[in-house]
Structures are given as C-alpha cells and as structure tokens.
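Trainee: My questions will all concern the structure given below.
The values are calculated or read from the model by the stated rules, or taken from the named source; none is laboratory data. The structure displayed is predicted, hence computed values, not measured ones. Note that each Cβ is placed from the backbone with ideal geometry, even for glycine, and that neighbours are counted across all protein chains shown.
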C-alpha cells in the first residue's frame, strides 16, 4: 500500500492548528492508514505505517502508560501518535518527550475543537490521492516504455526515458555486466570515478532482468540526483519486465539465425554439399567467407558437471561455452564461423590468420589456439576436463568434411586418453590413427587382454582395473599409484602382482607392457 509522509499531511490546510510535540526527525515517516486507541492493549490492533489517534482515555489511570507506549509503537513501526490532551491527559512527561526525540517518533497534538472525523477524513483522502497518483505514474511509465519497445526496439531510448521518469541516470547491462545502453553523461561518469578515488564509491541500485527463470541482464540506477523513492523503484521494476521482453525478442532472432547456421554447418561437415559455388553462395548469405583455408575444431560440451556460478541449466551452460569460444576466435575473425551440433561446438579456424599470431607452421598454430581456448574454460572452474579435437586444414570448402572427420577422431582419442592432454590435433595421433580402422580382430585383442581383470573385479568387487589405469598414468611408479589411490604401498605392490598373474604378463617386459597399455587405451576408445 502506498501512503503520504506525515510532514506533507501536517502542511495541509485542513490540519492547521495541529502541532508537533516531539520526534520531528521522524516526520518523513509514511502514513498508510489511521487508527484510534480506545483499549489499553493497543499493540494487538495496530499495524506498521498507521497514525494512531487517542484522547488518552484508555490509559488515563496509568501514569507511566504513555512512556511505555512510545517505544512499543515505534517497535511496531507506526508513523506517529496523535494526542488530544487536557480532557483525559494533563500533559507530557519529560521522559516521554526524551524517548520520542531519541527514537525520532513523532508525537502530534490536535486542538480540542477537532473531532476524530476532522482528522481522519482529510488524511485518508490524501492517502487515496497519493495511491492514485502512484498508480497513474506507473501506468504512464509502462505506456511510454512499451511504446518505445514496440515502435523503436531501442534500449538507448529506454534508458533516457527511465531517467526522465525517476530523475536519475540508468544503465542496461548484459548477463556478464557489459553495458548495452546508458543515460549516464560524461559528467556523471566523472562524479562516479571521483567518488571511487575518494573511497566513497557510488554503488548503483541493481535489478536483475529475468525471463523464463534466466537472468538475461541487469538494470542499474545511480542515485546522482537524489534518493530513489518507492514509486521510482516500482518504475524500475516495471522497466525490467519490458526490457526482458526485448531481450527475449533479440534472443529469438539470434536463435533463428543460429539454427540456420548450425544446419548449414552440419550439411557442410557431413559432405552432403559438393558444389563449391553453392557452398560459397550459401555462406555469403550468412556473412561467412569460405574462400580461404580452414581447419575444423570440435569442442566437447557433454559435461557430467556444469555447476558454474550464475548458470541454471545445461542450455545456459552450452551457450556460455559457445560465447567463450566465439570471443576467443573473434580476435582473428570478426564474423566467426561456428555452430552447435548436439553437445558439441564446431569452429572453422582461419589457419593463415592463426599462423600470423601463433606459429608459422599450421599444425603448431592450431594446437596453440586449442590450448588457449582450453585455458579460457578453466576460468569457469569446471570439474570435468574440456576435450578438443582439431582436423587438418583444407582450402576447398567441399573438403571440409574431411577435417571434420579428422577432428571427430582426434576428439574421441582425446577423451579416451587418461593423460591431461585434452587438445588433440589429428596429425599428432600417431599409432592411435589405427583405432579408427579397428576390426573384429582388434576387439578380440582388447577382450583377450583386459577381460580377466574386468571379470575378477566384478566377482571380487575389487579395484584392479582402476589400479592398472593409475599405473600407466603414473608411468609405472608404484609409490605414486599408492598415493593417488590412498592405499598402502604394499597394497599397491600386491595388486600389481595380482594383475600380472591374471593377465599372464611381465610388465617389466617392454613389449608385454605396450600390449597391455594399448589394449587399455583401446578399451577406453571402444567405451566412448
């Protein structure tokens, strides 16, 4: 409920003759209703924001009642106490005045000739008028802002209109706190910076812009020209709703554009389009330049854990990953060629531009960019390692499907590897390139070597497979195996002896050790 300050009420013509006895510092308290005290236990019947009127009849026989009453009413957050003295109350005690002054709790006195109705009717009239005025202002603000969004779709017009409505500059930021529109003048910015230097930072009122349970951005208001009122806050809240509609509209347009781009990328990387002229023409319609040498990078976003601050669901997480990749490549390509396919992000890397920055040799430049992108994702503090696969570069856009298949294979090997090498370039796969051509003999090879341990673990509920994996991760260092698995050194030795007996191998023999390691890597590869 909206109200009017006690000061404004006392300045009205109808209430001339009413005087302030004590607590004048609290005259800015807002009155939302009027109540009358006719019972001693008044605390049960009063509410915050009320102006309480009394003749003192209910407490006329209790000399200390008024002194107790003031702290009580203040604790209930009443707007003030109006007293008609002399009939039942002879006056005010010094203690009562001191208490009211210290609490800033107004005590007002109205003349003998005034009845309750003389006071109540005008006060309720002011409250009703103020409520109507607030509703009118909010309605006017809503109409003006909606008109701008419907006819102009201009966030700059929105911030300047909001400033006109509330008397203070505002700014619209995206979800990452990057400014999108502001009404803050250069003079205003100087005032904000000067306050910072003097350790008197002007902290803005910050309201989230929310739609579909997602925070799309923020509306900030800087109180440079005065304090924000309750009505101003309601205007700001209404503005966030209207801005959210515009954000959703823009997101919808982006979503449609991204869908067409994603669809074209899927067709391009599948090899279903073979006509070079057609490829280049369709790319131009999307403002993409495919008349240069590209290599394809695939980023795996199928994370088991995506608990990132400010992100509520997997789609938001995927969009965040996309935005980071986009920012990384925009340093080399103003209009990056990239898209989303399932849980993967696809990027066409401009090889010659990367070579100018990272390294002369294309393979090295591609790997360095992949490592840079991987480091950018570590800033999100994701528990799961980000895996990246990169294919070779091709100058003919009709051959980019080859780079895609190579990147896909490199990604799969990257995920199968249990080392920290999460960025894989196709030409660096070495022996692992053979994995793609794995036939039934290869699968039998894996099964014959690994199955005895898998069967033993299932039967005995043991951890021999995990121990073997840790053995290769630790380059055969038993002490490290024990430390990483939190087991005793002798336990680790015992398990390795069991593994060698079950597999009928001697891991000190380089050939037998290589067979087991390759079989284990193949198992990871087949499990993906």
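Trainee: Can you pull out the strands (runs of 3 or more DSSP E) entirely within the range 80-183 that have at least 2 residues that are more than 43 Å from the chain's Cα centre (by Cα)?
Mentor: 80-83, 107-109
Trainee: To continue, here is another question. Return the total of residues in the range 455-476 being farther than 20 Å from residue 502 by Cα and without any contact (Cβ under 8 Å) to a residue 24 or more places away in the chain.
Mentor: So the answer is 2.
Trainee: Please determine whether any residue of the range 237-259 is touching a residue at least 24 places away in the same chain (Cβ under 8 Å), under 19 Å from residue 133 (Cα atoms) and under 20 Å from the mean Cα position of the chain (by Cα).
Mentor: Checking the range 237-259: at least one residue is touching a residue at least 24 places away in the same chain (Cβ under 8 Å), under 19 Å from residue 133 (Cα atoms) and under 20 Å from the mean Cα position of the chain (by Cα).
Trainee: Something else now. Kindly check whether there is at least one residue in the range 357-367 that is on the phi > 0 side of the Ramachandran plot and surrounded by fewer than 18 Cβ atoms within 10 Å (Cβ to Cβ).
Mentor: no
Trainee: Please enumerate the residues belonging to the range 42-57 that are at pLDDT 70 or above and over 52 Å from the mean Cα position of the chain (by Cα).
Mentor: Matches in the range 42-57: 54, 55.
Trainee: Can you tell me which residues in the range 358-407 are in a helix (DSSP H, G or I), over 30 Å from residue 176 (Cβ atoms) and out of contact with any helix residue (DSSP H, G or I) (no Cβ under 7 Å at 6 or more places or on another chain)?
Mentor: Of everything in the range 358-407, those that are in a helix (DSSP H, G or I), over 30 Å from residue 176 (Cβ atoms) and out of contact with any helix residue (DSSP H, G or I) (no Cβ under 7 Å at 6 or more places or on another chain) turn out to be 364, 399, 402, 403, 405.
Trainee: Taking only the range 202-221 into account, find how many residues are over 12 Å from the mean Cα position of the chain (by Cα), over 17 Å from residue 159 (Cα atoms) and either free of Cβ contacts under 8 Å to residues at least 12 places away in the same chain or surrounded by 13 or more Cβ atoms within 10 Å (Cβ to Cβ) (or both).
Mentor: Total meeting the criteria: 3.
Trainee: Would a scan of the range 191-198 turn up a residue that is assigned by TED's automatic domain parsing to the domain that holds residue 219, within 22 Å of residue 229 (Cα to Cα) and either at pLDDT below 85 or assigned to a helix (DSSP H, G or I) (or both)?
Mentor: For the range 191-198, residues assigned by TED's automatic domain parsing to the domain that holds residue 219, within 22 Å of residue 229 (Cα to Cα) and either at pLDDT below 85 or assigned to a helix (DSSP H, G or I) (or both): present.
Trainee: Of the conditions (1) buried (at least 17 other Cβ atoms within 10 Å of the Cβ); (2) within 26 Å of residue 146 (Cβ to Cβ); (3) more than 20 Å from the chain's Cα centre (by Cα), residue 224 fails just one. Which one is it?
Mentor: Only one criterion is unmet by residue 224, namely (2).
Trainee: Could you please let me know if residue 187 is modelled with pLDDT of 85 or more, more than 21 Å from residue 236 (Cβ to Cβ), out of contact with any helix residue (DSSP H, G or I) (no Cβ under 6 Å at 6 or more places or on another chain) and part of a helix (DSSP H, G or I)?
Mentor: Considered against the rule, which asks whether it is modelled with pLDDT of 85 or more, more than 21 Å from residue 236 (Cβ to Cβ), out of contact with any helix residue (DSSP H, G or I) (no Cβ under 6 Å at 6 or more places or on another chain) and part of a helix (DSSP H, G or I), residue 187 comes out as yes.
Trainee: Among the residues of the range 58-68, is there at least one that is crowded, with 18+ Cβ neighbours inside 10 Å and at pLDDT 85 or above?
Mentor: No: the range 58-68 contains no residue that is crowded, with 18+ Cβ neighbours inside 10 Å and at pLDDT 85 or above.
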